[in-house]
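Take a look at the structure below.
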Amino acid sequence: MSTLQTSGTISFSDIQTQFGGSNPIGISEYYKNGSYVSAPKNIATYSSNYRVVRTGSWGSNGNVYFYWAGTLKSNINGYTTFAGTYGLDLQDAGDGYLYNVESNYSASSFTQYFIISRYNKANYNLPTSGQISMNQFYGAGSN
């Protein structure tokens, strides 16, 4: 999946090419949860292709792996613990999405398994009304 650039000028045409839309182009087509920037959060059904895995003994440094559609999206080395909201929200994998630890799934031996979710990066950054800044589209992927 291609994403918009992470710096420089983004044109209305770039946004329309990425997300769709009609002519004449109106920035109001691209509000959060609108017609073209929708699906703010996808929660995956737990499987080996859709999950977060933390390895390492309890209370010690471990590694955390975020998998979406069987692809490793983010890897955090030396993470000590998951507590409360897990502290690993919104990992940016550079593919237009922000990945999140959704909830605990199971644990065995020295491995914890978690349900994963993801946000469309543009949807997460954009307002639902009012002024939209073009830099809020940096790195955004299509729905």
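Annotation: lysines with alpha-carbon distance below 22 angstrom to residue 32 (same-chain offsets under eight excluded): 41, 121.
Evaluated on region 1-55, the Kirkwood hydrodynamic radius is 13.9 Å, with distances taken between all distinct Cα atoms. Taking 0.36 nm per residue of sequence separation and removing the Cα-Cα distance, the residue 45/residue 12 pair yields an extension gain of 8.4 nm. Here the label points at residue 111 and residue 2, each 7 Å from Cα along the C-beta direction, are separated by 3.8 nm in the simple model.
Here, each number is a calculation from the coordinates, and none is a lab measurement. The structure presented is a predicted model; accordingly, all values stated were derived computationally and were not measured. Please note: Cβ atoms are built from the backbone with ideal geometry, for glycine as well, and neighbour counts cover all protein chains shown.
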